[in-house]
Structures are given as structure tokens and as C-alpha cells.
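Structure first, then comments.
Computed from the coordinates by the stated procedures, all read-outs in this text should not be read as laboratory data. Nothing here was measured: the structure is a model prediction, and the numbers come from that model. For neighbour counting, all protein chains shown are included, and Cβ atoms are generated from backbone atoms with ideal geometry for every residue, glycine included.
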Amino acid sequence: MRSMKLVAVVACLACTAAYGQSVITYCLETGGDDHVAAYQNGTYQTYTAGKTDGSTTVPNGPIGSANLNWAARVTVSGIHSNPGGAGDAAQPTGAANLVFDLQVLQADGTTPVTLGAAPMSCTGGGQPGAGATNCAPTGAGFWSQMNDGALHGVRQNLWANAALTISLSNTASARQYALNDAAPNGPHFDYGWYPTAKGRGGVDFDGSKAIDTTSTAVNASSLAGKLVGFGAGYKSYDYTSYRPGVGLWNVTGDTEAPVQGFGAQGMGDPGDPTIHPNVEKPLFEGQINVSSLPVGTYYLQITPSQDGNNILHGNVNWSSMTPDYGGFGTFAAKANVVNVVDNSGALAATGKIKFVVVGPSVQTQVVARKLFYNNSWFDNNNAGIDTVTTGKCDSNAIDNGGTLYTVAYPAKAPLMLGGGTASFANYSGYTKGINGLIYDVQAPLPRDPVVGDFTFHNIGKSGTTAPAPANLVTPSGFGTIVIATSPARIVRCVVTFADSTVKETWLQVDIGTGFGAPAETHFWGNAAGDTSMGNSPATNLLVGPPDELAARGHPTSALSRSPVYDPFDINKTSLCDPADQLYIRGNNRSSLNCVHLITK
């Protein structure tokens, strides 16, 4: 097996096949889809190509969701010129080495944007939002959501700081290196390393190169926004295991079936993936977290090494079963020309592609629906609407659920249309009934909500309309509080009802479209004194001895107060004491007069 030295810096080129030139051509694209969710689930889908015209926009939303997907396609073509040397006047049989830098630039196309890269380790494994806490960079930076060090959710040290993905293999055992089936029949690049935020570093595929965190190889002042010196290639080639074809559409003269590589031999268009779509496939792919980048225009620039991009020269005897490859000392030769297809489609030594960071896409919608115990100990026994959201205020009286006595109690939430049969999450046992509701509305347009956007109906103990005059419930108060302005404006709408006016019943709430949100209908319930104990059948919210015994068996005091979600503190004094027991004893409800669970 012959060895070959991997040399330094790669580029993106576009090619015109001509005698006397072996050409490696790169083309950047943005906005593609690597189908990372399917990949993490063990289903491998071919990469969906993006755009090469610079029309990609990406919102600068939360980390992990505000990603610019970029990819590079590579082709090899032409006839190699190396007078008197290996491969002279021969058609290259693919790429041997590919090396390049990546950098993000300001709108002027020249000023670097300072970026980081994925961290050197990943806490928790997996992807952001799926157990990992620091796989992505914390600010703007390069990373790979597919091979960020995770293989199906398990962190692999080999991939520490992997800021891009290489398309290498379609074999299951090598899928951790694969982006798509770039070369279905091989061969594989079997050597490479990743750049880091500190310059050349990372690890090579077989783990023999240690991570470099010193920045000694590159002047630190030149690292702003860069991934410096990515490289991938062959360190050796063995015909008994691998076959040529990386970078080529078809290898002629092969004794086996023609090989489809990742590029195109004298055909196709690196700037247009619709031409020979089975030929032009991205070889490198990654993401840039743009969550902290200001809104504006940017350029992604790829700079190849004119010396480091090598071809597999065409005079190698690939059918040889010995590692001399026809007698030549090496199977790699420097490409005659290395070019990039730039944003305009022209050829250049350095290629730039524009992308635009925009503000997050915000939809007007109700983002939270909450029940709170107004005029209770938790809001300082204030029957009015509080204009603050900290301390003993309305927000402090929200029942967000929790675990008590090893039992998990759900946060109170309305029963939505189509939600089936109601549960303990949809009603309370508060002795003052339903007297406080909170709605958080993400409302960029056209205006903040007003009381007229909400309509309230008392629909009775079993969900059917109650007799007049209890049919329509008018709130005793309504107020709005701005609780967030970035990344979206969120307004908290606080609705209060006079104590005990909406009690032992179901309340229907209709929200209109006046402030731009979709219309909706939902239901809140109250069964005063009910602790969820002793209901039989389960749809009857009985109030009686089981509830009284439960309150007696779970006492609290001023030294150890009840949390707001304590189901046995039915009067919400933060004390589960005899007052709760006495209320239950005097408010018994049987199957003939109790509240029933409704179904919607």
C-alpha cells in the first residue's frame, strides 16, 4: 500500500475541460437540508441541495434553530499536464486531496466577522434540544448539527469540534463520516482533519492526530471568523479494498462497472445542481449558528489551496493487484488549475456566496394559557390586577403544577376543542372559583389584545349551557403587561372575575381574531373543595369525606407552607389546616349536584 502526504489548503473551482489542464472546481451553496433528524434516527437520506445564487435568508432566532446550512460541491475534469511526469496528457481519475479555508465576511465582502466554532466537548451527548447542553457554539460560529461529535445521539470524541461533515461512504459502518452517498462504490477519503476556532486542529479520521488548541500553526490575528486549513484525502490506496472515482462521473478502463463519484468528468455544472443531479452532490456540509449576528447581509467565502488540491493522475494502473500502481512513485499530482464558482457564476480563485440574516419570523398567537388564584395568599390577597410579574403578585399565584408527597400534579391548563375528556389539569378545587386567568400573547401585529377579544360563557356543571342569567360572564377586570420584547413582543393579558361568580361550573372562553391570532375555544372548570380524591365514577367530581380526610392527612403550617399547586389547600391560604376541612364538610357534593368532567 502506497502512502501519500496530505498537503495544505483547498478551494472551490469551476472548470472548463481542456487539453493541458486538470481542473478541480468548487461551488458553494446555502440553504440545503442534511435531514439531520432522519440521520440521528438511523435513516440516511441524500442531501437536498441548496441555492448558489446568494438568495438564502436565515432568521437570527435561538441557538440550534438559527442555522445557515452551507455545502460545497466539487468536480474534477480536464487533461493533466505534467510534461515528462506522472499522469501527463491523461484524464484524472478523481481527487486525491482537497484543502480549503472558510470565512464569513461583512456586507462589504472584505471585513471578517469574528466567529467561533463548536466547543471541544459536548455535555450530555446528542443534539441541542435532545440531551446536549453545549454541542453548538454559544454565539455565532461554525458547527455541524449532524457530525458535531454525536453518532445517533452518542458523543464521539473522534468528532470533537467537527465544524463540517464529509460525504465519504454509503456503508453502515462508516455512516458517522457520511453526508450522503457521494461515492456509492468507494473509494473513501481515509485521512483528514477538521479546522477549529483556533486554527488547524481537530482530529483525523483514525484518531492519530491530536486536537490542536494552541493556534501555533496559524497567526492568531488571521483567525477571525475562519475555519483554517480543512483537509481530506488519501494517505494510501489499495485496489484490493477500494476503487477510484472520487470526483468523477465515470472512470473509463475500469475492469468493473463504471463508478459514480461525487463530481463530474467533463460534464455537469457545479453551479447548477439541476444539471445531472445525480452527479453534482455536495461533498462538504455544515452549519453556521447566526443567532447572535445582527440583521444584515454577509458573505461566506471559500479559499482553496492552489498547491494542496491534488488529483489522482490518470496513468495509475488501477487494475494492478500490487501496490505499485503501474510503477509510479505516487498516485497523486498537483492539479493544474484550482477554481471557485463565485456568487455570480464566474470563475475565481476565491469564491463568495451571499446570505442575509433577517429578524425572527414571528406569528401572532396565544403562547400560554394559565389559571391563577386571584385574591389568595400567593398574590398578597389582592383582588385587583397586578402590574408587576415578580414578588407576591398575580404571576406568583399561577398554578404551574409540581411534585408534592411524591405525586406529580399537572399545571392547570384549559381543555381545548378536540382534547377529549377533561382531567384534573383542566379544573381547580379553589373555594373562590375561577377568578383569575392569564393569557400570554405573542403579538407583533396589528395591536395588543383588548377585553373585547375574549368572550366568556358559563356552560354549567356538565358542559351544557346554564340557564340565564348565568349564561354570559363579564370579567371584573382586564389588564395587559408587556413581559418580553425580544426576540418577540409578548403581552400578558390578565382577566379577573369577582370571587365565587364563576364557581362549581365550566367556563367556555372564545378568543377572536381581532389582534391577529387564530380563533380558538377552550374550557376551564371549578369544583370547589374537590381534591381529586374519591371521585366515583371518575367523571363525577364528588366533594366529601375522602377529600376531607386527604386535607387532614396533608397538613402544612407557617413554618412549611403549601406550594400554590397543593390540591389540599383548597382556599389557597398556603396552609392546609382545619379551615380547608370545614369547607369540604359544609360543601359536600354528590352525583346529583356535583360538577362533571366534560368531553370536547
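Residue 389 sits among other residues whose Cβ lies under 14 Å from its own Cβ, and their net charge, with Lys and Arg +1 and Asp and Glu -1, is -1.
On the basis of the beta-carbon distance and an R0 of 25 Å, residue 392 and residue 474 show a calculated FRET efficiency of 0.40. At q = 0.11 Å⁻¹ the log10 of I(q)/I(0) for the range 365-596 amounts to -0.54, computed by Debye summation with a single uniform scatterer per C-alpha, solvent ignored. Sort the range 437-575 into rounded, prolate or oblate with this rule: let a ≥ b ≥ c be the square roots of the eigenvalues of the Cα gyration tensor; rounded if a/c is under 1.5, and if a/c is not under 1.5, prolate when a/b is larger than b/c, oblate otherwise. Note, shape of the range 437-575 comes out oblate.
Less than 10 Å Cβ to Cβ from residue 371, Lys/Arg counted +1 and Asp/Glu -1: what total charge do the surrounding residues give? Provide the component values of the computation, followed by the final result.
On the way: positive: 369, 370, 412; negative: 399.
Net charge in that neighbourhood comes out at +2.
Near the amide H of residue 595, within less than 5 Å, lie the amide hydrogens of 541, all on another chain or at least 5 residues away, with H placed in the peptide plane.
Applying 0.36 nm per residue to the separation of residue 111 and residue 499 and subtracting their alpha-carbon distance, the gain on full extension is 133.3 nm. Its residues counted as N, the range 377-428 yields a C-alpha radius of gyration over 2.2 N^0.38 Å of 1.40.
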